[in-house]
Amino acid sequence: MILALNNVSKAFGTDVVLENISFHIEDKEKVALIGVNGAGKSTLFKIITGELSQDSGEIVMPKNATIGYFSQNLEIDSQKSIYAELLTVFKPLMLMEQELRDLESQMSGKSGSELEEIMNRYSALSHKMEELDGYSYQSKIRGVIKGLGFSEEESTQKINELSGGQKTRVALGKLLLKEPDLLLLDEPTNHLDIEAINWLEEFLKSYKGAVVIISHDRYFLDKVVKKVIELENRKAKEYFGNYSYYAEKKLVDREIAYHQYINQQKEIKRQEEVIKKLKEFNREKSIKRAESREKQLEKIERIEAPENLPEKMRLSIKPVKESGNDVLNVEQLSMAFDENELFNNISFEVKKGEKVALIGRNGIGKTTLFKIILSKLKAKSGTFKLGANVIIGYYDQEQSDLNLNKTIFDEIADSYPTLTKTQIRNVLAAFVFTGDEVFKKISTLSGGEKGRVALAKIMLSQANFLILDEPTNHLDITSKEILENALKSYEGTILYISHDRYFINSTATKIVELTKTKANTYLGNYDYYLEKTKENTLTEVETKEAFETENKIDWKKQKELQAIQRKKENQIKKIEEEISALEEEISSLDTLLSSQEVCTNSVRTREIFEQKQVLEEKLENLFEQWEELSQ
């Protein structure tokens, strides 16, 4: 065991945040700490590290155990380069290494007992270096630098020249290299792109110490943790599984807790009515009985009402005006700032009704691409084209178009004066603003709540093409689930940037992966993207072999392949023509079926219907052939 909490409580004034929290963490265990914003997660971390003191209870750790704490706003201010700063972690090893070099120098010209003494010291020091894995620290540093998304050139950059997010990544890397017995990580993925998050997952899974993670990244938690500790209503509860297991079990537990709460409330009410009646009798025995029952009632451990889960989106939001089938077409688009080229010759398309996730490493130009599409920036070369009747609604991370002085209700009502009060309440209820909550001032809302209001506004607008830049950033899990339900219920088209793989998995119907030289399209969610990229990934050796093999194909073989390709293209064209003709025939039969002449003739109706069924079956077969040839 590396950590145990026994009945730990903490209050700030009259506000009790944690009450009798008890759990333990085993060596090498990987644990998630879950709870809504304000549940006390970061407070609990600070108590464990000693930054805050608990009001009662105890924290038990082995005497020599080391703790590493990564907080959300941790930055490093230094004149050193990234590599030099990370190197400071290994100062003791470097001193030992230097001592070994000094001992090697001293060996020359020594003999007898003097040499033996130096040799013994050298041998002991070498053994200690091996035990501490002291000869690999430079490769560890390079691995962490690359893993957290820094290039080899960037590793020489001075830390005081970096952005806040980059400094935070350096701070995380430094902590990981220290390898404490217990790692406390508060939102470690916030400034990482998907590639870096994947690396961090693998690093933590094989980490030799214990790890406790606060994170809203559910996909990340699914991959790393084997236990979830949930903070709710000031109490802690353990679930032995990953995040998905917790989420499923939580629904069952909440249902049970709700029924227990309702049943207890009924029993309390019944007892109160009995006590009232006994007192009304106003006899000595009845009053004593009433008092006895009151004492028993006071002793009952009250079950707290379980917090409400976000309701599923019941409102289907359909844009007022439909766009054409072709929503966005990007053709050979390139962008650069001075000498810094972001991407070159990028092409992809977005069709009506698609929910497209735009992914790619940090700095590749995803937000820049959005600004080009929004005509806020001009591309270096290439074109993009919006389809017929396309109206864009843009969602940024800052929710900059919200009036902080208005209530939620007024913000919607003033923006859309034709909506009735009932319609506004229905829309806000879909984003889980009910009752008097709709009269909260926007200035008092959390980031997640503001995000929900901003998205509700966009969905009520004339927009039929939503462009969303990191809509889940800094949202708690509850708010993310509400947004997921909203996007899945939206009947328009969506293009969004997100690093949240769980969110992408839940909402995307297509992935566009932006690289420096192309945009790769995958028709599916994030799991499908992973599956396909795994299939397509070749090692350098395989790539070289494939290249050499391809070069060996002779001219005759190339001609044969070209002939096969031409034949396939002709077959596809022929099938497409047959499909078009069949669809026209089926459409004609539909017109006949709805005509007065046929409607009143049951025999004729049956004949046409059977004829239509044959054509539809033939059409289905043609589609299957077309798909097979098109692959």
Given an 8 Å cut-off on Cα distances and at least 6 residues of separation, report the relative contact order of the chain as a percent.
12 percent
Taking placed amide H atoms and a strict 5 Å upper bound, the residues 5 or more places from Ala236 or on another chain that come that close are Ser22
Over 18 Å between Cα atoms: which of Lys376/Lys450; Lys510/Lys574; Lys366/Lys518; Lys380/Lys516; Lys146/Lys226 fall into that group?
Lys376/Lys450; Lys510/Lys574; Lys146/Lys226
Of all DSSP beta bridges with both partners in region 326-536, the antiparallel percent, nearest 5, is 50 percent
Nearest 0.05, what FRET efficiency do Gln596 and Glu152 give at R0 = 60 Å with Cβ-Cβ as r?
0.20
Calculated from the structure, Cα extents along the principal axes in Å equals which of [x] 112, 107, 46; [y] 78, 64, 63; [z] 87, 70, 47?
[x]
Return the percentage of antiparallel bridges among DSSP beta bridges fully within the chain, rounded to the nearest 5 %.
50 percent
Could you tell me the calculated FRET efficiency between Lys110 and Ile59, based on Cβ-Cβ distance and R0 = 35 angstrom, to the nearest 0.05?
0.10
Residue-averaged 222 nm ellipticity for the chain, from DSSP H runs of 4+ at -39500 (n - 2.57), nearest 500:
-16000 deg cm²/dmol
How much net charge surrounds Leu175 when only the other residues with a Cβ under 14 Å from the Cβ of Leu175 are counted, with Lys and Arg +1 and Asp and Glu -1?
-1
Quick one: which of 602-612, 209-219 comes out on top by average Cβ neighbours within 10 Å, and what's the full order, highest first?
209-219, 602-612
Built amide H within the under 5 Å cut-off of Gly68, gap 5+:
Leu182, Leu183, Leu184
For the pair Ser126 and Glu616, how long in nm is the line joining their label points, each one 7 Å along Cα→Cβ?
8.2 nm
Extension length gain for Asp401 and Arg604 (0.36 nm per residue less Cα distance), in nm, is 67.0 nm
What does the charge dipole of region 1-139 about its Cα centre add up to, to the nearest 20 debye, if the Cβ of each Lys and Arg holds +1 and the Cβ of each Asp and Glu holds -1?
260 debye
Straight distance only, please: which aspartates and glutamates reach the Cα of Lys276 with their own Cα at less than 12 Å, same-chain residues fewer than 8 apart left out?
Glu291, Glu294
Between Asp77 and Lys226, what's the calculated FRET efficiency when r is the beta-carbon distance and R0 is 30 Å? Round to 0.05.
0.25
Tally Lys/Arg at +1 and Asp/Glu at -1 over every other residue whose Cβ is under 15 Å from the Cβ of Leu466; what's the total?
+1
For region 41-117, which trypsin sites (Lys or Arg not before Pro) are in a loop by DSSP, counting at most 11 other Cβ atoms within 10 Å?
Lys63
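Bear in mind these aren't lab numbers, they're just calculated from the coordinates by the rules spelled out. Not measured: the values here are computed from a predicted model. Cβ coordinates were reconstructed from backbone atoms using ideal geometry, including for glycine residues, and neighbour counts include every protein chain displayed.
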